[in-house]
1. Per residue of B:156-163, count partner chain C-beta atoms within 10 Å of its C-beta, then hand back the mean as an integer.
2. Using a Förster distance of 56 Å, how high is the FRET efficiency between B:THR44 and B:THR125, based on the Cβ-Cβ distance and rounded to 0.05?
3. Could you compute the net charge surrounding A:TYR440? Neighbours are other residues with a C-beta less than 11 Å from the C-beta of A:TYR440; K and R count +1, D and E count -1.
4. Among residues other than A:TYR327 whose Cβ falls under 12 Å from its Cβ, what is the net charge (Lys/Arg +1, Asp/Glu -1)?
5. What average number of partner chain Cβ atoms lie no more than 10 Å from the Cβ of the residues making up A:96-105?
6. Can you work out D for chain C in µm² s⁻¹ from Stokes-Einstein, where Rh is the Kirkwood radius over C-alpha pairs, the temperature is 20 °C and the viscosity is 1.002 mPa s?
7. Tell me the label-point distance for the pair A:ARG356, A:TYR136, using the 7 Å Cα-to-Cβ offset, in nm and rounded to one decimal.
8. Work out the FRET efficiency for B:GLU97 and A:LEU255 from their Cβ-Cβ distance, taking R0 = 56 Å, and round it to the nearest 0.05.
Amino acid sequence: MPPWQIGIIGGGPGGLLTARMLEHQAAVPPSITIFEASDRLGGKVLTQRFETLPVAYEVGAAEFYDYAEIDEDPLKQLVEDLGLPIQVLGGSSLIHGDRLVGNLDDVRETLGSEAAAALVDFHHLGRDRLSPREFYDALPVPQLDGPVGSSFETLLAAIPSPATRRHIERFIHSDLATEPTHTSRRYGLENYLMNDPAYMQLYCIAGGNEQLIAAIASRLAARIRLQTPVLSVGSVADGRLAIDVAAGSGRQQHLFDAVVLALPIEPLRQLQFGGERLQAAMQQHIAHHDHPAHYLRVSILFDKAFWRGHWDDAYCMLEGFDGCCLYDESARDPAEEHGVLGWLIGGESAIAWSQRSDEAVIQTALDALPAWLREPAQRHRLEARVHRWIGAVSALPGGWQPLPLDRRHQPEPTDHATLFTVGDYLFDSTLNGVHDSAEYVADWLASLMLERPGSTV
Amino acid sequence: MTADSSPDSTPAPGIPAGVPATSRVEMLPTAAGSSHALLLVPRTGDESPDAAEVLHRWVAETPVSRPRHRIELPILLRLYNVDLVWSPSRSAAFASEERCASIREALTDFTNLEAELTAIEDGITAAWPAYEADLPYAYGFSDASFSVRDTLLARYGTVKSLQGRLARLTKQITQPAPQPPTLAGQIGERLRERLRVEERDEAADGELEVLSDHYDACGQRASDFMIARRENMLSWTIIVLLATETLLFAIDLLSNAGT
Amino acid sequence: MRHLSIDILRTAAIFMMVLVHFVENLSATYDTQDSGGHPLTPWWLPSGLAAPLFTLLTGVSYAIWLGVQQRRGVSEDEVNRRTVRRGLFLIGLGFAFNIFVWLPEDTFNWDVLTLIGTAMLAFSFVRHLPMPVPLLIVALLAAFAPLLRATTDYPAYWQNYHFDYDFTLSDVLLGYLVVGYFPVFPWLLYPIVGLLVGRGVFAGVGSQPPALTSRGLMAASGVLALAAVASSLLAPLQTETASVDWRPPGWTMFPASTTYILGTVAAGMLLLGLLHHLVDVPDGSDDRRAARLQLPASVTAFFNRTSRHSLSIYLLHHVAHLWPLWIYGVASQGEPTAHWQAFMPAWASAGLGVVFFAACVPLFAWLDRHDLPTAESVMRWVCD
C-alpha cells in the first residue's frame, strides 16, 4: 500500500518540525515534500556571521523558553535529544540613564521606595492572576482575558507609581513587540512574568540557534525543494489537494493526500486558494490571526567584549527605543573571544526606525547605551548589521479570543479536511508555540493515516 | 544549618590600609567552631581605582580553598552597584551604606550554608574507606561479622545524620530566590552558582544515597542474621540437650549391660 | 602466621609430657597407705598439666588453621573434608599407637590421640554452631562427667591405678565416653574451649580486631580460677576424689575432677593470654619486632620447631622409652611389663627424658633440612 503523500509549504521551524513528527509518529512513514520559497531553511531562526570576522550572531529568534521547571518541555527535550549544547541566558536589569537597576534594592535607590513598593505589588498581582501552571497550560483565566478591548494598558494604568509603570513598560517592550494598548492583558502579563524563574527561563543553543534547523533537516527523509515558491493550493475532484508551484516560466502541479501550510501570516496572505469555500475560510483564518507585531535587530561586532566586569548578564533592557533589549550575543558562545552586542527593538519603534537608514539606526542604538559603554563601544566597533522583521509575529490584541485548537489548525473542515495550518501565530509567537502547533497537526495526521492507510494519489 | 545568634568570640581582623575610614569589619554569626569576617566598605564615589584589589587581597589573606571542586577562591562578584569578594572565612563588600544590611544577611546565610555543605562533603569523604571495608556485610553476615555490628550501627547513624543534614540544606538550596529579585537573593544565587552549590548538593545526595543504601543493606543483613542466629541457637540448644539425653540413656544402658 | 605464644605453650606441654611419661613409666611406685592408691610421683614432676594444655592448644590451633583456610578461599566443604580426614587419621593413629607402642590389650585405652581425633570430628560441626551452644556443650561435658562416672562405677575400671577394661562392647564404649584415660566426658571440653578461645583471640575477621583481647582472656581465666578454688573448697563434700601431695583438695586427673578441669582451663587461658600479650605481634602488625618482649631468633626457632613436631615427639618419646622397656622385660623375665614403673630412680628417668627432648631438636632440624617425612607431614599428605 503506497504511503500517504503529504505536502508541507514552508521550510521554517513549523514545516520542519511537522515533517519530523510525522516521520516519527506515523505507523507507516508518509512521503513528505517540503516546499520552501527561499534558498534556505529555518525561517525566523537565522544565525549569521559578520563579514569582518566570522563571529556568529542571532538575526531572528533570539532565545528558547525553558518550561522544564513547571512540567515537560518537549522543545528543550528535542534540543537535548539532538545533542545540541544549551546555554542558559540570564539577566534582570534595566539601565536607567547610566545606572544598572538589577534588583529591588536598586529600584528603591533609583526610583524611590514608593516605586519599589508598587513594583512588588504589581508582581504579586501578576502572580495572583496567572499562576505558573496557568501560564504553562495556557488555561483560560476569565478575569484576565477580560472583555473585548481590555488591553494590557488597563493593567499598567492601575499602577500608582508612574516611575514603576514606565519601568515595567520599558522592561517588557521588546518582548511584546507591540504597544501595551495593542495587546491583551494576559499576553502583557505573560511577558512580564516570564522574567520570574518560577514561570520559565531562557536559553539558546551555544554557537547559534540555527543549528537546531540543520540538525532537524539532516535527520529528515522528506524531499526538500528549496527556491520553489508555491503559487496556489486547492482541491481536485476526488478530494485530493493540489499544490501549484512555479517552474521556470510556468507552473507545475503536485497532488497530495494532505497539505500543511506552515507559513507566517504575510506569505499566507499572498498564496492563492482554489475554490470559493477555501478562499473564504482562509481569508477568515488570516483575518482572525493578523495582528502584526514588529522587530528590528541591530547587531554590532566589537574587537573585544569590553563590557565584561561591568556588566556580565546575557541581556539587559535599555530605555532607548521606548525600551529595547540589549543582548550580549558573545555570551552565547563561551569560546568566543570577540564581543557582539545585539539590540532587539520592538513595537512602534521598530516600525518607525525600520524606515530609517542602517547607519541612523546603528548610531541611535549606540546612543542608547549608558555612558560607561557608549565611549568604548565607539572605540572597539568593527562591523554593524541591521535586520528588519516587520509584521513577523503576532501581537495577540486585548479581547481577542483564540479559536478552538481544531479550527486553528483546520481552516476549512468540510471540503478540505486534510488541509492544515501550522504556525507560531496560532499560539504565542514563540518557537515553543510553533512546536506545539506542529505536534498537534502531526498527531492529527497520524491518526488519519491510521484510519485510512494508503495513499489515493 | 545552625548558626550562633551571638557574635563569634574570634577577634575581628583589622581594617586594611587603602580603604575609606568609614569602613568596618563585622564578625558574621556562624556555626560553632568557625568564624567569618565581613569587611564593609561604603561606596563614597571618590574611592581609589584599586579599592577592589585591596578588598581582594584582604580576603585572600586567609588561605581557605575548595580543591575538591577546583573552585578558585576568593570569588569576585560584580553585581549591580555592588562589588563583593568572598571566601569561606572572610568576605568584603564595596557598596552603598543602604545595601549593607542586605549584604550582611545574604553573606551570613550563604557562608553558613556553604560551610555546612563542606562539612557534609568532608563527612562523606571520610565515610568512603569504611564503606569499602564494609562492602561484604551488605551481602552476608556471619558469626565472624558479629563483632562489627556496633561499628556498622555507628556508621549507619553517621550516614543517616549526614543525609538528614543534607536534606535540610537542600531545602535552602532549592528554594527559589524572591521575586522581583532582591540584592540579597541575587548575592545568594550568584554565590551558589559560583561555588557550584547545586551540583555539589546533588553529588553529595548521590553519594549519601549509595552509602545509605549500603548501610541499609548491612542493617538488613545484620537483622536477618540476628533473627536466624537466635532461631539457630535455640534449635541447636534443643538438639544438644536431646543428644545429651540420648547419650545419658545409652551410657546408662551400657553400664547396666556391663554389670 | 605462627604465634610464638602457642609455640611456647605447646613446647612446654610436650616437654612436660615427655618428662612425666619417662618418670611415670620408668620410675613410679605405689604406696596405697600414703597416697590413697595413687601413683607416688616426685614433688617436682609437673604431672597432670600437659594433657589439658596440649588438648586446649589443639582447639586454638584449629581455630587459627580455620582462619587461614577461609582467607585462602578454601571452600567450606573442603575444610570439612580435611577436618574429618584429620580426625579419622588421628583416631587410627591412636589405635595403632596403643597396639604397637603399648600392647594389644591396650587397644581401647582411649589415649590423647583418639581424644584429639574425636575433637577434630566434633570441630567439623561445632564450628558452625552459634556461640552460646558450644559453651552449653562445654558446660554439659563438665557437669555430667561426675554423674556419669557415678553411673558407670568409674572406680571399678581403675582398680590397679590404670584403666582396666574387658573387651566387651559396653566397656569399650564406656571407656570412650566416660571411664577411659581421656574420655569424651569431660576431656572433649578442652579442645572445644581451645576452639572458642582461638576464635576469640586469634581469628579476627579481615580488618576487624579480635573479639577477645589477651587481657580479656586473662580476666576470664581469673574467674575460672576462682571457680576452681570454690570447687576445691567443696572437695570434702565430694566422695569420688582425694587430694594427693601438694595439689589442692579435689584435684585429680584420673578422673578429671571439676576442680582439675576449672584449674587447668584457667591456667591454660592465663598462660595463653599472658604470652599472647608479651611475645605475639600485636594485631594489625606484620613486624615481629613489634612484639612487647623480644626473644632471640634461635629461641624462637626452637619453640617453633618443637611445636611444629609435637605430634612426632609425642609418638617418638613413647617408642624411645617403652620399646626398650618391653624388650628388656621380655628378655630378662619373659614379661614385657616386668620392669614397668620400676626400672630406675626418678631422677635418672627424668634425666633421660631431658636428654631425649634435647636430642629431638637436632633430629627434627635434620629431618626438616632433608625434607624427610614426620607424623605431621604424613598427616597433611594423607588428609589435605
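1. Values: counts 0, 0, 0, 0, 0, 0, 0, 0.
Other-chain Cβ atoms within 10 Å of each residue's Cβ, averaged: 0.
2. E between B:THR44 and B:THR125, to the nearest 0.05, is 0.80.
3. Result for the local shell: -3.
4. Overall, the nearby charge balance is -3.
5. Mean shielding by partner chains, rounded to a whole number: 6.
6. 99
7. Reported label-point gap for A:ARG356 and A:TYR136 is 4.2 nm.
8. Working: r = 77 Å, r/R0 = 1.37.
Given R0 = 56 Å and the Cβ-Cβ separation, E is 0.15.
A short reminder: the numbers here are calculations on the coordinates, not readings from a lab. Remember, predicted model here, so these are calculated numbers, not experimental data. Don't worry about glycine lacking a Cβ; one is built from the backbone with ideal geometry, like all the others, and counts go over all protein chains shown.
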